[in-house]
Amino acid sequence: MSRSVRTRPEGSGRALHEAYDTALLDLDGVVYAGGNAIAHAVDSLAAARDGGMRLAYVTNNALRTPDAVAAHLTELGIPTGAEDVITSAQAVARLIAEQLPSGARVLVIGGEGLRVALRERGLEPVESAEEDPAAVVQGFGGPELPWGRFAEACYAIARGVPWYASNTDLTIPGARGIAPGNGAAVEVVRIATGAEPQVAGKPLPPMHRETILRTGARRPLVVGDRLDTDIEGAFNGEVDSLLVLTGVTDGAQLLAAPPQHRPTYVDADLRGLLTGQPDVTGDAEGGFGCGGWTAKAGGERLELGGDGTALDGLRALCAAAWTAGGERGCALDSGKALARLGW
């Protein structure tokens, strides 16, 4: 992928599972939500795997171990081994291990996934600031994480202990809706201490490096639902990306995206792995076409004409919005155009 400013979603004459050797798949909002498989995920992933694509599951959620994630995916009907799962806990544990001596104590504010990842790197997880930790690491601890754990982190950080975070996703999707993520918990500690953590997870380089080291991918495709983690991570890693609209990103956010948040491809769900992607044609003067739709940037809003599938209309709108936005996000009103598409 070029680092030049993307002005439209790309087309592909080949099915994506044939054009790329490895899918680097986000989990929450892409494969499942609230523990249940998202529609079409199981069948689409099976078909992509049978077609020769390696599937790797890359998650910023540091709560569960790779074994637990793999077992859950297998229960959903997606056969997975622990070696196919890469977590932000693994990325942050490697980051810490590169900066601290083997056997160093690390105060854990989070779940079992962090503890397992730290032990894998020869570090010793501890539970109290009174155990003389050499570092503090914070990861998603789930809804039952006690408030007192944040205080424990603050006590250690106030003494000058370096602070690490697995990721800073502010939200996490679930069966009942959008809930606070690890980034919200990190903000609690940041406000209380005034400190800044070293962060490993998407969209930052430590997570991409961890993924490539563990998968050996040569032509990877990042597949995600979040612009500020999955798609920006692909941009930072200079690899292509597929945004699926099964998670937190809506049409208005996609159209307003700055360059680092613009995916290579856009599709409704994981069935997009099994097909080619349509070309978006045209220019700003004459309008951008996809399927039966034409989109243009008007004086204060995006304009959409024609008819066809909603996805093709959204792709045409992306081209009009991203071209108008240039190196910044598009500020034109997209409400009327998106309403025509049911968004």
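A few remarks follow.
- Candidates PRO180, PRO143, filtered to the one that is surrounded by fewer than 15 Cβ atoms within 10 Å (Cβ to Cβ), touching a strand residue (DSSP E or B) at 6+ places or on another chain (Cβ under 9 Å), over 21 Å from GLN99 (Cβ atoms) and not polar (S, T, N, Q): PRO143
- The single residue among VAL239, VAL248, VAL222 that is under 22 Å from LEU317 (Cα atoms), of a type outside the set (Phe, Trp, Tyr), surrounded by 17 or more Cβ atoms within 10 Å (Cβ to Cβ) and assigned by TED's automatic domain parsing to the domain that holds ILE38 turns out to be VAL248.
- Inter-residue pairs, beta-carbon under 8 Å, first within 18 Å of TYR32 (Cα to Cα) and in the range 167-192, second basic (Lys, Arg) and not in a strand (DSSP E or B), 6+ apart: ASP169/ARG226
- Failed criterion for VAL106 (all others in (1) in the same structural domain as TYR155 (by TED's automatic domain parsing); (2) without any contact (Cβ under 8 Å) to a residue 24 or more places away in the chain; (3) not hydroxyl-bearing (Ser, Thr, Tyr) hold): (2)
Conditions tested, residue by residue: (1) over 25 Å from GLU238 (Cβ atoms); (2) touching a residue at least 40 places away in the same chain (Cβ under 8 Å); (3) crowded, with 20+ Cβ neighbours inside 10 Å.
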{"position": "SER4", "(1), (2), (3)": "no, no, no"}
{"position": "THR7", "(1), (2), (3)": "no, yes, yes"}
{"position": "GLY34", "(1), (2), (3)": "yes, yes, no"}
{"position": "ALA41", "(1), (2), (3)": "yes, yes, yes"}
{"position": "ALA46", "(1), (2), (3)": "yes, no, no"}
{"position": "ASN60", "(1), (2), (3)": "no, yes, yes"}
{"position": "VAL69", "(1), (2), (3)": "yes, yes, yes"}
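- Among the conditions (1) more than 23 Å from ARG94 (Cα to Cα); (2) more than 18 Å from the chain's Cα centre (by Cα); (3) assigned to a strand (DSSP E or B), the only one that PRO146 does not satisfy is (3).
- Tally, over the range 43-59, of residues that are out of contact with any Leu (no Cβ under 9 Å at 6 or more places or on another chain) and not aliphatic (A, V, I, L, M): 3
- Restricting the search to helices (runs of 4 or more DSSP H) fully inside the range 235-343 and requiring at least 2 residues that are touching a Gly at 6+ places or on another chain (Cβ under 6 Å) and at pLDDT 95 or above gives 310-325.
- Unique match (being farther than 30 Å from ALA175 by Cα, surrounded by fewer than 20 Cβ atoms within 10 Å (Cβ to Cβ) and free of Cβ contacts under 8 Å to residues at least 12 places away in the same chain) among GLY306, GLY276, GLY299: GLY299
- If you go through the range 84-121 and pick out every residue that is hydrophobic (A, V, I, L, M, F, W, C) and closer than 17 Å to ALA185 by Cα, you end up with 6.
The values are calculated or read from the model by the stated rules, or taken from the named source; none is laboratory data. Small disclaimer: the values here were computed from a predicted structure and weren't measured. Cβ coordinates were reconstructed from backbone atoms using ideal geometry, including for glycine residues, and neighbour counts include every protein chain displayed.
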